[in-house]
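*Asks:* One structure coming up, written as structure tokens, with questions to follow.
The values are calculated or read from the model by the stated rules, or taken from the named source; none is laboratory data. Remember, predicted model here, so these are calculated numbers, not experimental data. Cβ sites come from the backbone with ideal geometry, for glycine too, and all protein chains shown count toward neighbours.
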Amino acid sequence: MRLSRLAALLLGASALASCDFGGEPETQRVPLDSPAPAATATAAADAAANGATPMAQRVATLGLLNKRNNVSQEIVLKPGEMREIGPVIIRLSACERTAPWEMPQETGAFVQVDIRERGQQQHSRVFSGWLFRESPSLNVVEHPIYDVWVKNCAMRWPGDADSASPVAQPSGAPSGTPAPAASAAAAPAPAPSPAP
């Protein structure tokens, strides 16, 4: 028994010793005074290579609720944009959605929320982080008056139907305003009653 353990140990050690790890890893010397490569160019190239919508063309739809008067608004932003609504400033840094063929389906956005309290001159940051539509309790905007949540992140994947690239509404246009009421002339006429 002892001999078989020793033989197995020696066999394993010889197998590892015969592996060639390729010597030293390849390194590239970069002078300290040279500029760092642009990370955005690499990220854009990766997005283009896998066919996903580049970050700058994605469109996030967020919800904002004022708990005092129960008014909610839809806010449509592209990454890098911000919107000031009353005392609230919402900044969107990124939005992501899992590919249609991956499970579980998740939609998230990296959001920063700044709020100016009554009597204050400056806004203060109340939230900075990822919000997820499928797990709203994972990260919560903890504020007694305002709540922010993710509704959607519009982006395309390879194999999606040939639809147009997502386009955001102008940042100045309120997206939560209700549509105008339809006129009475546009209402359908009632069906005629059958003859006796």
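*Asks:* Do you know which residues across the range 135-151 are of a type outside the set (A, V, I, L, M, F, W, C), surrounded by 15 or more Cβ atoms within 10 Å (Cβ to Cβ) and modelled with pLDDT of 85 or more? Spell out how you get there, then give the answer.
*Replies:* Taking the range 135-151 first, the residues of a type outside the set (A, V, I, L, M, F, W, C) are 135-137, 139, 142-144, 146-147, 151.
Checking which are surrounded by 15 or more Cβ atoms within 10 Å (Cβ to Cβ) leaves us with 139, 143, 146-147.
Hits for the range 135-151 are His143, Tyr146, Asp147.
*Asks:* Restricting to the range 130-160, count the residues that are among the aliphatic types (A, V, I, L, M), part of a loop (DSSP other than H, G, I, E, B) and more than 21 Å from Asn66 (Cβ to Cβ).
*Replies:* Restricting attention to the range 130-160, the residues satisfying the condition of being among the aliphatic types (A, V, I, L, M) are 131, 138, 140-141, 145, 148, 150, 154-155.
Cutting the leftovers down to part of a loop (DSSP other than H, G, I, E, B) gives us 138, 140-141, 145, 155.
From what is left, the residues that are more than 21 Å from Asn66 (Cβ to Cβ) are 138, 155.
Total meeting the criteria: 2.
*Asks:* Okay, moving on. For the range 55-85, enumerate the residues that are of a type in the set (Lys, Arg) and in a loop (DSSP other than H, G, I, E, B). Please lay out each step first, then the result.
*Replies:* The first filter runs over the range 55-85 and keeps only residues of a type in the set (Lys, Arg), leaving 58, 67-68, 78, 83.
Within the range 55-85, Arg58, Lys67, Arg68, Lys78 qualify.
*Asks:* Continuing with this model, one more query. If a residue has to be within 11 Å of Ile145 (Cβ to Cβ) and surrounded by fewer than 20 Cβ atoms within 10 Å (Cβ to Cβ) to count, how many in the range 72-95 make the cut?
*Replies:* Initially, the range 72-95 is screened for residues within 11 Å of Ile145 (Cβ to Cβ), giving 86-88.
Pick out the ones that are also surrounded by fewer than 20 Cβ atoms within 10 Å (Cβ to Cβ) and you get 86-87.
Of the residues in that region, 2 qualify.
*Asks:* Find the residue count for the range 109-144, including only residues that are in contact (Cβ under 8 Å) with a residue 40 or more places away in the chain and aromatic (Phe, Trp, Tyr).
*Replies:* 0
*Asks:* Which of the residues belonging to the range 58-85 are in contact with a helix residue (DSSP H, G or I) (Cβ under 9 Å, 6 or more places away or on another chain) and closer than 15 Å to Leu131 by Cα? Please lay out each step first, then the result.
*Replies:* Going through the range 58-85, the residues in contact with a helix residue (DSSP H, G or I) (Cβ under 9 Å, 6 or more places away or on another chain) turn out to be 78-80.
Answer for the range 58-85, where residues must be in contact with a helix residue (DSSP H, G or I) (Cβ under 9 Å, 6 or more places away or on another chain) and closer than 15 Å to Leu131 by Cα: just Pro79.
*Asks:* Given the conditions (1) in a loop (DSSP other than H, G, I, E, B); (2) over 17 Å from Val59 (Cα atoms); (3) at pLDDT 50 or above, report the number of the one that Phe127 does not fulfil.
*Replies:* (1)
*Asks:* Here's something else I'd like to know. Return a yes/no flag: does the range 47-67 have any residue that is farther than 16 Å from Cys153 by Cα, at pLDDT 90 or above and polar (S, T, N, Q).
*Replies:* yes
*Asks:* Can you pull out the residues in the range 111-124 that are loosely packed, with under 15 Cβ neighbours inside 10 Å, outside any strand (DSSP E or B) and either polar (S, T, N, Q) or on the phi < 0 side of the Ramachandran plot (or both)? So that I can check it myself, show each step before the final result.
*Replies:* Keep residues of the range 111-124 that are loosely packed, with under 15 Cβ neighbours inside 10 Å, which gives 117-122, 124.
Applying the additional criterion that residues be outside any strand (DSSP E or B) yields 117-122.
Selection gives Glu117, Arg118, Gln120, Gln121, Gln122.
*Asks:* Same structure again: Restricting attention to the range 86-110, report how many residues are hydrophobic (A, V, I, L, M, F, W, C), more than 16 Å from Ser135 (Cβ to Cβ) and either out of contact with any strand residue (DSSP E or B) (no Cβ under 7 Å at 6 or more places or on another chain) or in a loop (DSSP other than H, G, I, E, B) (or both).
*Replies:* Step one: of the range 86-110, the residues hydrophobic (A, V, I, L, M, F, W, C) are 88-90, 92, 94-95, 99, 101, 103, 109-110.
Still in the running and more than 16 Å from Ser135 (Cβ to Cβ): 88-90, 92, 94, 99, 101.
Now restrict to residues that are either out of contact with any strand residue (DSSP E or B) (no Cβ under 7 Å at 6 or more places or on another chain) or in a loop (DSSP other than H, G, I, E, B) (or both): 99, 101.
Here the count works out to 2.
*Asks:* Quick check on my filter: what residues within the range 67-92 are within 19 Å of Glu142 (Cα to Cα), touching a residue at least 24 places away in the same chain (Cβ under 8 Å) and of a type in the set (Gly, Ala, Ser)?
*Replies:* Ser72 - this is the single residue of the range 67-92 that is within 19 Å of Glu142 (Cα to Cα), touching a residue at least 24 places away in the same chain (Cβ under 8 Å) and of a type in the set (Gly, Ala, Ser).
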